[in-house]
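Worksheet: one structure, shown below.
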């Protein structure tokens with residue numbers, strides 16, 4: 001159903017298609033060895049114009065675990081971009097070599113532009129402050145694993161909501177499910193952007209905004225923490241003032257439900273104390289592993305790879 005389709009934003013896929021991706025990822029988790037050769041002979045090109053550890057490694061690991069190969073760069077200065085090549089020409093060129101392209105870029109809209117010119121599917125691995133759809137799929141798989149479903153959940157997003165593209169993508173995607181309620185917890189300077197809130201209002205989704213983590217945590221089924229992103233700030237002084245505004249500690253965790261889970265797209269700085277890592281509700285490192293499995297499922301779908309025989 002998804003063969004040859006690009007993924008630029010979470011809304012590109014229907015809930016049915018997302019459900020199929022999640023179900024396949026769960027099958028891979030149960031028996032990863034069965035999928036070791038399903039993409040043999042296929043090539044994934046990863047074009048990372050912006051630094052990344054987890055996203056790049058998880059895509060590379062996903063393709064290698066499916067039996068395929070990878071090529072690409074993690075520093076645009078080593079590519080023809082340094083010579084002035086346009087994104088469109090890069091897409092035309094790389095599309096001749098690869099079966100699927102993964103692109104991460106600091107400028108919004110780059111992945112969509114590349115998808116217009118490439119001869120193969122393009123996966124958006126993050127474009128500025130806009131979308132990060134494969135992180136959204138990772139987050140959905142994590143929530144589904146721990147909570148069973150999405151309907152009726154109260155999800156708290158805490159930290160930098162203004163520039164957090166993972167939060168923008170996940171909140172608008174979760175809003176497509178039934179009776180999901182959001183609590184947006186942030187400094188006044190880093191509140192959720194108007195374009196996200198307007199979309200939620202149009203869908204009739206309930207949300208509240210607060211600066212009080214301690215007063216909100218007891219209501220949550222999922223707490224999604226995020227770092228204040230230094231690279232998004234023009235003023236270093238403003239960044240330093242806000243970077244430690246929220247710190248999740250074991251004391252705050254005592255106020256939470258016994259089955260609440262804590263998520264984070266990583267990397268973290270100071271916003272989650274390392275003492276919290278030992279709490280069984282800390283799901284963020286498992287979240288990393290789920291990212292590889294959902295990307296395996298996605299690559300298979302876009303390439304039209306067949307499910308291995310039992």
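The values are calculated or read from the model by the stated rules, or taken from the named source; none is laboratory data. Worth saying up front: this structure is predicted, and the values here are computed from it rather than measured. Counting neighbours? That spans all protein chains shown, and the Cβs are built from the backbone with ideal geometry, glycine included.
Condition check: farther than 29 Å from residue 35 by Cα, at pLDDT 95 or above and surrounded by 14 or more Cβ atoms within 10 Å (Cβ to Cβ). Does residue 260 satisfy that? For residue 260, the condition - farther than 29 Å from residue 35 by Cα, at pLDDT 95 or above and surrounded by 14 or more Cβ atoms within 10 Å (Cβ to Cβ) - is met.
Yes/no matrix, rows are residues, columns are (1) in contact with a strand residue (DSSP E or B) (Cβ under 7 Å, 6 or more places away or on another chain); (2) surrounded by 22 or more Cβ atoms within 10 Å (Cβ to Cβ); (3) closer than 30 Å to residue 17 by Cβ; (4) modelled with pLDDT of 95 or more:
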site: 218; (1), (2), (3), (4): no, no, no, yes
site: 239; (1), (2), (3), (4): no, no, no, no
site: 242; (1), (2), (3), (4): no, no, no, no
site: 270; (1), (2), (3), (4): no, no, no, no
site: 277; (1), (2), (3), (4): no, no, no, yes
site: 286; (1), (2), (3), (4): no, no, yes, yes
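Yes/no matrix, rows are residues, columns are (1) assigned to a helix (DSSP H, G or I); (2) over 17 Å from residue 53 (Cα atoms); (3) in the same structural domain as residue 47 (by TED's automatic domain parsing):
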residue: 96; (1), (2), (3): no, yes, yes
residue: 102; (1), (2), (3): no, no, yes
residue: 107; (1), (2), (3): no, yes, yes
residue: 112; (1), (2), (3): yes, yes, yes
residue: 115; (1), (2), (3): yes, yes, yes
residue: 120; (1), (2), (3): no, yes, yes
residue: 123; (1), (2), (3): no, no, yes
residue: 126; (1), (2), (3): no, no, yes
residue: 138; (1), (2), (3): yes, no, no
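Suppose we filter 152, 159, 109 for residues that are touching a strand residue (DSSP E or B) at 6+ places or on another chain (Cβ under 9 Å), touching a residue at least 24 places away in the same chain (Cβ under 8 Å) and surrounded by fewer than 18 Cβ atoms within 10 Å (Cβ to Cβ); which single one remains? If you could, list the steps in order and put the result at the bottom.
Details: 159 fails: surrounded by fewer than 18 Cβ atoms within 10 Å (Cβ to Cβ); 109 fails: touching a residue at least 24 places away in the same chain (Cβ under 8 Å).
Selected residue: 152, the only one of 152, 159, 109 that is touching a strand residue (DSSP E or B) at 6+ places or on another chain (Cβ under 9 Å), touching a residue at least 24 places away in the same chain (Cβ under 8 Å) and surrounded by fewer than 18 Cβ atoms within 10 Å (Cβ to Cβ).
All conditions in (1) in contact with a strand residue (DSSP E or B) (Cβ under 7 Å, 6 or more places away or on another chain); (2) surrounded by fewer than 24 Cβ atoms within 10 Å (Cβ to Cβ); (3) at pLDDT below 95; (4) not in a loop (DSSP other than H, G, I, E, B) hold for residue 81, with the sole exception of (1).
Kindly indicate whether residue 161 is under 15 Å from the mean Cα position of the chain (by Cα) and assigned to a loop (DSSP other than H, G, I, E, B). Yes: the conditions hold for residue 161.
Can you name the residue in the stretch 259-286 that is assigned to a helix (DSSP H, G or I) and over 19 Å from residue 219 (Cβ atoms) and, of all such residues, is nearest to the chain's Cα centre (by Cα)? Selected residue: 284. Is it the case that the stretch 46-62 has a residue that's within 22 Å of residue 165 (Cα to Cα), assigned to a loop (DSSP other than H, G, I, E, B) and either assigned by TED's automatic domain parsing to the domain that holds residue 168 or free of Cβ contacts under 8 Å to residues at least 24 places away in the same chain (or both)? Yes, there is a match, as at least one residue in the stretch 46-62 is within 22 Å of residue 165 (Cα to Cα), assigned to a loop (DSSP other than H, G, I, E, B) and either assigned by TED's automatic domain parsing to the domain that holds residue 168 or free of Cβ contacts under 8 Å to residues at least 24 places away in the same chain (or both). With respect to the conditions (1) farther than 29 Å from residue 268 by Cβ; (2) in a loop (DSSP other than H, G, I, E, B), residue 16 falls short on a single one, namely (2). Is it the case that some residue within the stretch 172-188 is surrounded by fewer than 19 Cβ atoms within 10 Å (Cβ to Cβ), assigned by TED's automatic domain parsing to the domain that holds residue 218, without any contact (Cβ under 8 Å) to a residue 60 or more places away in the chain and not in a loop (DSSP other than H, G, I, E, B)? Yes, the conditions are met somewhere in the stretch 172-188.
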